[in-house]
Every structure is written in structure tokens, then in C-alpha cells.
1. Filter segment 36-49 down to the residues that are in a loop (DSSP other than H, G, I, E, B) and within 22 Å of LEU123 (Cβ to Cβ), then identify the one that is modelled with the lowest pLDDT.
2. For segment 77-106: of the residues being surrounded by 14 or more Cβ atoms within 10 Å (Cβ to Cβ) and among the polar types (S, T, N, Q), which is modelled with the lowest pLDDT?
3. Which of the residues belonging to segment 53-76 are at pLDDT below 90 and outside any loop (DSSP other than H, G, I, E, B)?
4. Tell me which residues, restricted to segment 1-35, are modelled with pLDDT of 65 or more, polar (S, T, N, Q) and more than 13 Å from the chain's Cα centre (by Cα).
5. Residue by residue through segment 107-133, note down the ones that are modelled with pLDDT of 90 or more and over 16 Å from ALA54 (Cα atoms).
6. Any idea which residue in segment 40-67 is farthest from ALA103 (Cα to Cα), counting only those that are among the polar types (S, T, N, Q) and surrounded by 14 or more Cβ atoms within 10 Å (Cβ to Cβ)?
Amino acid sequence: MTDAQTYYHGTKADLNVGDLIVPGHASNFGKRRQALFIYLTATLDAATWGAELAVGTGRGRIYIVEPTGPIEDDPNLTDKKFPGNITRSYRSRSPFRVVGEVADWQGHSPERLKQMQDRIEELRQQGVEAIED
């Protein structure tokens with residue numbers, strides 16, 4: 001018997017149960033290129049970062065999603081920033097179906113969020129793109 005894995009997607013998009021998250025929209029990060037992949041994680045912490053750092057004016061949201069096709073390790077994190085895949089972050093070209101929303105998640109402290117935003121800005125100024133397709 002295999003345990004079902006819970007996956008999360010952090011964003012500022014306002015979605016409903018049953019909606020599909022699909023590639024092809026402007027990325028939430030970097031230069032906002034058309035995203036060839038969509039991203040999900042098996043950790044609430046990584047989804048929290050996605051919800052907090054996504055562009056947009058809406059509030060951050062964390063959705064529980066299920067992949068509709070194959071997923072692969074996110075090369076932006078795997079072995080580049082963290083050996084292996086300790087953040088349990090993945091990507092796919094196939095849609096994710098929204099099956100729920102985490103309503104009571106806790107964001108990072110304002111100090112920690114500012115540190116991450118400063119680091120992202122530093123990388124941007126160095127020409128390092130946040131999303132690698």
C-alpha cells in the first residue's frame with residue numbers, strides 16, 4: 001500500500017476547488033516570462049514562500065493540489081541550492097487540480113521575508129533568473 005502524498009502550490013491567484021493550474025501564464029517570479037512549467041511542493045514551508053513571494057496584489061494563498069500528469073524535481077532548487085531535494089519541490093508541464101486550500105497557514109516573520117526579498121533582488125541584479133525552464 002502506498003501513502004498518498006499531499007502537494008501544495010503557493011500563489012496570490014484566487015482559485016476554487018476543481019480549478020486547474022496550467023503552464024503558459026506569466027511566471028510569478030523573475031522577468032515574468034511565459035511559464036513552461038508549474039511548480040508544487042510537498043512541504044508547507046516551501047508553499048508559504050511561494051504564496052509570500054508571488055507577484056500580485058492579492059493575499060497569498062496555499063492550495064492543496066494533485067498533479068494530473070508526471071512531475072519532476074525542480075532543477076531551480078535540486079542540487080543547485082540544496083543537495084538532493086530537501087524542499088521536496090517539483091515541477092510539471094501537466095496541470096494541477098485544486099482539491100483544497102490551507103486556510104490557516106503561518107507566514108514567515110517580516111525580518112525573514114525581507115531577507116529573502118533582499119536575496120532575490122541581489123540575484124536579480126547579478127542577472128540570475130529565478131525560474132529556469
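1. Initially, segment 36-49 is screened for residues in a loop (DSSP other than H, G, I, E, B), giving 36-37, 42-43.
If we keep only those that are within 22 Å of LEU123 (Cβ to Cβ) as well, we get 36-37, 43.
On the way: LEU36: 81, PHE37: 86, THR43: 91.
Ranking the qualifying residues of segment 36-49, first place goes to LEU36.
2. The selected residue is THR78.
3. LEU53, GLU72, ASP73
4. Residues of segment 1-35 modelled with pLDDT of 65 or more: 4-25, 35.
Next, only the ones that are polar (S, T, N, Q) stay: 5-6, 11, 16.
Passing the criteria: GLN5, THR6, ASN16.
5. SER109, GLU111
6. Initially, segment 40-67 is screened for residues among the polar types (S, T, N, Q), giving 41, 43, 48, 57.
Now narrow it down to the ones that are surrounded by 14 or more Cβ atoms within 10 Å (Cβ to Cβ): 41, 43, 48.
Working: THR41: 17, THR43: 15, THR48: 12 Å.
If we take residues in segment 40-67 being among the polar types (S, T, N, Q) and surrounded by 14 or more Cβ atoms within 10 Å (Cβ to Cβ), then THR41 is farthest from ALA103 (Cα to Cα).
The values are calculated or read from the model by the stated rules, or taken from the named source; none is laboratory data. Note that the structure is predicted; figures quoted are calculated from it, not measured. Glycine gets a Cβ as well: all are built from the backbone with ideal geometry, and neighbour counts include every protein chain shown.
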